[in-house]
1. Take the residues in segment 1-10 that are surrounded by 18 or more Cβ atoms within 10 Å (Cβ to Cβ) and either touching a Lys or Arg at 6+ places or on another chain (Cβ under 8 Å) or not aliphatic (A, V, I, L, M) (or both), then tell me which one is farthest from Gly54 (Cα to Cα).
2. Answer with yes or no whether Gly60 is touching a residue at least 12 places away in the same chain (Cβ under 8 Å) and under 27 Å from Lys219 (Cβ atoms).
3. Would you mention how many residues in segment 197-211 are part of a loop (DSSP other than H, G, I, E, B), within 16 Å of Val163 (Cβ to Cβ) and of a type outside the set (A, V, I, L, M, F, W, C)?
4. What is the one condition in (1) buried (at least 21 other Cβ atoms within 10 Å of the Cβ); (2) over 22 Å from Ala63 (Cβ atoms); (3) in contact with a Ser or Thr (Cβ under 8 Å, 6 or more places away or on another chain); (4) not aliphatic (A, V, I, L, M) that Tyr147 does not satisfy?
5. Do we have Asn179 as under 22 Å from Leu97 (Cα atoms) and either surrounded by fewer than 20 Cβ atoms within 10 Å (Cβ to Cβ) or not charged (D, E, K, R) (or both) here?
6. Search segment 82-91 for residues being farther than 14 Å from Thr148 by Cα and in contact with a Gly (Cβ under 8 Å, 6 or more places away or on another chain), and hand back the single one that is surrounded by the most Cβ atoms within 10 Å (Cβ to Cβ).
7. Kindly indicate whether any position in segment 188-199 is in contact with a strand residue (DSSP E or B) (Cβ under 9 Å, 6 or more places away or on another chain), surrounded by fewer than 19 Cβ atoms within 10 Å (Cβ to Cβ) and of a type in the set (Gly, Ala, Ser).
8. So which residues in segment 11-57 are exposed (fewer than 15 other Cβ atoms within 10 Å of the Cβ) and on the phi > 0 side of the Ramachandran plot, if there are any at all?
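Read the figures in this text as sums done on the coordinates, not as results from a lab. Treat the numbers as computed from the prediction; the structure is a model and nothing was measured. Cβ sites come from the backbone with ideal geometry, for glycine too, and all protein chains shown count toward neighbours.
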Amino acid sequence: MKFGIPVYPGSNCDRDVGWVVEKVLGHEAVYLWHGERDLKGVDCVIVPGGFSYGDYLRPGAMAKLSPVTEAICEFAERGGLVMGICNGFQILLETGLLPGAMLPNKTLSFICKFVHLRIENDQTPFTSLYRKGEVVRIPIAHAEGNYTCPPETLKEIEENGQVVLRYSSPSGEVSEEFNPNGSLNNIAGICNRRGNVFGLMPHPERASEAILGSTDGLKMFQSIVEGVVRA
């Protein structure tokens, strides 16, 4: 299987994702330069974290205009699998592939720590190896991860099962106490209605090997592989 990883000026998690794809999963990783449109026949695109274009204007706003992002949007519209992690999630929101937007964290500060997440939807290509209600431990690292959207959009994504992950306690309790950034309804990750585009603020690539303190993120990547191979 071939994964495409776009590289923007300011990306800093592209090689982390590539390491998981190549060294942990044993599949092919192809780096896609921001100024190019050729996705090189990839089966899945993972838009990595970092600070694309220095997060000038707002996170993801400039990356939205890159040739590679335009190609990724076309790929997604054809049904291709696209996953956005942290800044990658912000980019997907800016493009409109996912609904909503990001605000600064409620603390108005950068947060870098492990958090617990409850799996809300195990029927996506990115979470099929988890169980609904399962709690995982994965780190976050962001200053603008406070997910927001209009009330009607929130109602829609909740009713459609598009909320994939929520911040929770270790036992799965969802409350403001366990919401690190102020996101509406403790939302940590969502998908589009079709289910082929997924964005999340936590970093599963930083929780894919035991030496990093958790392997709870690995099943996201394994779910993608299993779904593509099975198809």
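1. Initial filter on segment 1-10 (surrounded by 18 or more Cβ atoms within 10 Å (Cβ to Cβ)): 3-8.
Add one more test, that the residue is either touching a Lys or Arg at 6+ places or on another chain (Cβ under 8 Å) or not aliphatic (A, V, I, L, M) (or both), and what stays is 3-4, 6, 8.
On the way: Phe3: 25, Gly4: 22, Pro6: 15, Tyr8: 10 Å.
Once the filter is applied, the top-ranked residue is Phe3.
2. The answer is yes for Gly60.
3. Within segment 197-211, residues that are part of a loop (DSSP other than H, G, I, E, B), within 16 Å of Val163 (Cβ to Cβ) and of a type outside the set (A, V, I, L, M, F, W, C) number 1.
4. (2)
5. Values: under 22 Å from Leu97 (Cα atoms): no; either surrounded by fewer than 20 Cβ atoms within 10 Å (Cβ to Cβ) or not charged (D, E, K, R) (or both): yes.
No; evaluated as a whole, the condition is false for this residue.
6. Gly88
7. No, the conditions are met nowhere in segment 188-199.
8. Correct list: Gly26, Lys40, Gly41, Gly54, Leu57.
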